[in-house]
Amino acid sequence: EGEEEEDVVVDTLRCEVCGSMGDDEAMLLCGSEDGSRGCGRGHHIYCLRPPLLAIPEGDWFCDECAGRMSPAKEPAPAPAPAAKP
C-alpha cells in the first residue's frame, strides 16, 4: 500500500527544470525517505547538471537543499606567530 501512495506522488510531480510531469521512471524526489528533510520537488535525472545516469540509492537532495544542509565552513585558524631567534 505504501508503494502505491509513492507512485501517486511521483505521477503528480513536475520536474523543476523542464516543467514536464512525464517520465516518472527518471524522476528524483528531493528529500529523506521519512520526509523530514528536503523540499519534495521533482527533478528528472537527465535534467540535472551534470545529468545522472541512474536513480541513486538512498536519499537525494537538490542543490538548494543540499547547500542548506551542508555545515558552514569555519574560517581557517590564524597562523601561529613566528618564533623569535
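No value in this document is a laboratory result; all are computed from the given coordinates. Source: prediction; values computed, not measured. Cβ: placed from backbone, ideal geometry, glycine included. Neighbour counts: every protein chain shown.
For region 10-71, applying the loop criterion from DSSP together with a ceiling of 12 other beta carbons within 10 Å to the chymotrypsin sites (Phe, Trp or Tyr not before Pro) yields no site. Once you list every other residue whose beta carbon is under 13 Å from the beta carbon of Gly38, what net charge do they have if Lys and Arg are +1 and Asp and Glu are -1? Overall, the nearby charge balance is -3. Placing dummy labels 7 Å off each Cα toward the beta-carbon, the span from Asp34 to Arg49 is 3.5 nm. Couplings for region 18-29, taken from phi via the Karplus curve 6.51 cos²θ - 1.76 cosθ + 1.60 with θ = phi - 60°, read 9, x, 7, 9, x, 6, 5, 5, 10, 8, 9, 10 Hz in order; Gly and Pro are left as x.
Set the Cα radius of gyration of region 10-66 against 2.2 N^0.38 Å, with N its number of residues, and you get 1.01.
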